[in-house]
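Everything on this sheet refers to the single structure shown next.
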Amino acid sequence: MLIKTSRDGFCHPLASEITSQRVYAGRRDLIKLMATGVAGAALASWASRESQAQSATLTPRPGKLAALPGVKSSLAGAVTMEKLTDYKDASSYNNFYEFGTDKADPAKNAHTLKTSPWTVEIEGLVKKPARYTLEDLLKLSAQEERIYRMRCVEGWSMVIPWVGYSLSELIRKVEPLGNARYVEFVTQADPKTMPFVGSRVLDWPYVEGLRMDEAMHPLTLLTFGMYGEVLPNQNGAPVRLVVPWKYGFKSGKSLVKIRFTDKLPATAWNKAAANEYGFFSNVNPNVDHPRWSQGTERRIGEDGLFAKKRKTLMFNGYEAQVGQLYAGMDLKKNY
Ligand code: MTE
């Protein structure tokens with residue numbers, strides 16, 4: 001199956017077409033282990049395409065994280081032909097302001113985040129409000145691995161294999177009411193375990209939002225893992241959102257509430273600087289940030305600091321999938 005996007009000519013082949021069969025088989029093994037729940041301590045070493053190529057069988061990374069337990073998984077979703085970002089970069093160059101504003105801070109500080117027990121409250125304009133435990137959420141639908149491009153508003157990008165399922169699976173279960181137009185995502189804000197909650201840089205908790213059709217789009221991923229493992233704390237454990245056609249800040253980490261509403265959610269970055277960070281925040285090379293261009297980006301780990309930058313793609317390269325959501329909208333006004 002080859003899907004060509006209209007603009008950039010990116011292909012989205014099946015993972016089996018881009019990964020050597022040996023490695024693919026290795027991945028399937030992990031996924032099967034995850035499915036049967038016997039993975040327990042099985043850890044995958046998928047730090048990079050190179051390290052994948054060396055691992056015919058699952059090599060435990062001398063690390064800390066468990067494979068996602070007890071979930072039925074399948075390899076599917078939007079896959080790019082681009083080289084994966086090294087696990088090391090993806091887990092050490094982060095934005096998670098609850099743990100500090102420097103890119104290295106979250107990896108240093110987020111060990112204090114307490115991810116168990118964890119619940120996510122579903123509330124607002126919904127027929128079936130509920131409090132889901134993390135375990136309930138993990139069981140709610142089959143996990144998929146999806147390799148997504150991520151583009152940060154600051155001008156860098158990564159390619160990460162996330163593990164989760166479409167948020168729409170959860171939304172369907174809870175049955176939003178007809179007047180629910182937006183979904184608000186509220187994240188954990190615990191000053192005891194998150195040292196920078198209370199700092200004046202943002203209004204806490206960190207809140208994000210999507211229009212209902214964006215939240216229902218199959219690319220919007222409720223995410224529990226990356227590189228075949230549970231999320232490291234600094235990447236938003238134990239559950240976060242990934243919205244690959246929007247700037248990274250729309251992908252809220254460590255979610256505790258999902259609220260259905262008829263009002264445009266007041267989001268953290270919009271409240272902090274409305275002229276710089278709009279509600280939509282779709283990746284758009286044609287609309288510059290007031291203080292810098294959005295036309296190019298630096299791929300973390302791949303390009304040296306002084307190497308030629310890549311051109312940023314409309315909707316981060318997902319125009320064929322999501323362009324229709326914004327048909328007729330003035331994207332300069334609705335940035
Ligand atoms: N979620 C919370 N709760 N707090 C944050 O500071 N930062 C956002 C987003 N989600 C942030 C957050 C920003 S600016 C980006 S670019 C992405 O997380 C970074 O995700 P990553 O560290 O997994 O790459």
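The values are calculated or read from the model by the stated rules, or taken from the named source; none is laboratory data. Everything quoted here is computed from the prediction, not taken from an experiment. Don't worry about glycine lacking a Cβ; one is built from the backbone with ideal geometry, like all the others, and counts go over all protein chains shown. Note: accessible area is taken over every heavy atom of the protein model, side chains too, but ligands, DNA and RNA are not part of it. Shrake-Rupley method; radii C 1.70, N 1.55, O 1.52, S 1.80 Å.
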Taking placed amide H atoms and a strict 5 Å upper bound, the residues 5 or more places from Gly209 or on another chain that come that close are Phe185
Note: probe point = Cα of Arg181 + 7 Å toward Cβ; backbone nitrogen < 11 Å; residues of region 212-245 passing the test are 212
Once phi for every residue in region 319-326 is put through the Karplus expression 6.51 cos²θ - 1.76 cosθ + 1.60 (θ = phi - 60°), the whole-Hz ³J(HN,Hα) values, with Gly and Pro written as x, are 4, 4, 7, 10, x, 4, 4, 10
Within the under-13-Å Cβ sphere about Gln294, not counting Gln294, Lys/Arg +1 and Asp/Glu -1 give a net charge of +4
Under 5 Å from the placed amide H of His289, counting only residues 5+ away or on other chains, we find Gln294
For region 125-244, shape from the Cα gyration tensor axes a ≥ b ≥ c, cut at a/c of 1.5 then a/b versus b/c, turns out rounded
Expected vector for region 139-151, Karplus 3J(HN,Hα) from phi with 6.51, -1.76, 1.60 and θ = phi - 60°, integer Hz, x for Gly and Pro, equals 8, 5, 8, 5, 6, 10, 9, 10, 8, 10, 6, 10, 10
If the chain between Lys88 and Lys139 were fully extended at 0.36 nm per residue, the gain over the current Cα-Cα distance would be 15.5 nm
Once both label points are put 7 Å beyond Cα along the C-beta direction, the Met329-Val201 separation in nm becomes 2.8
For region 241-335, the percent of accessible surface on carbon and sulfur atoms (probe 1.4 angstrom, ligands and nucleic acids excluded) is 52
Phi-derived 3J(HN,Hα) across region 112-121 with the Karplus relation (6.51, -1.76, 1.60, θ = phi - 60°), rounded Hz, x for Gly and Pro, is 7, 5, 9, 9, 8, x, 9, 10, 10, 8
So the FRET efficiency between Asn275 and Ser168, C-beta based with R0 = 25 Å and rounded to 0.05, is 0.20
Excluding ligands, DNA and RNA, the carbon-plus-sulfur percentage of the accessible area of region 76-161 with a 1.4 Å probe reads 52
Per the 1/(1 + (r/R0)^6) rule, R0 = 30 Å and r from the Cβ atoms of Trp292 and Lys127, FRET efficiency to 0.05 is 0.10
Lys and Arg at +1, Asp and Glu at -1: neighbours of Trp245 with Cβ under 10 Å from its Cβ sum to +2
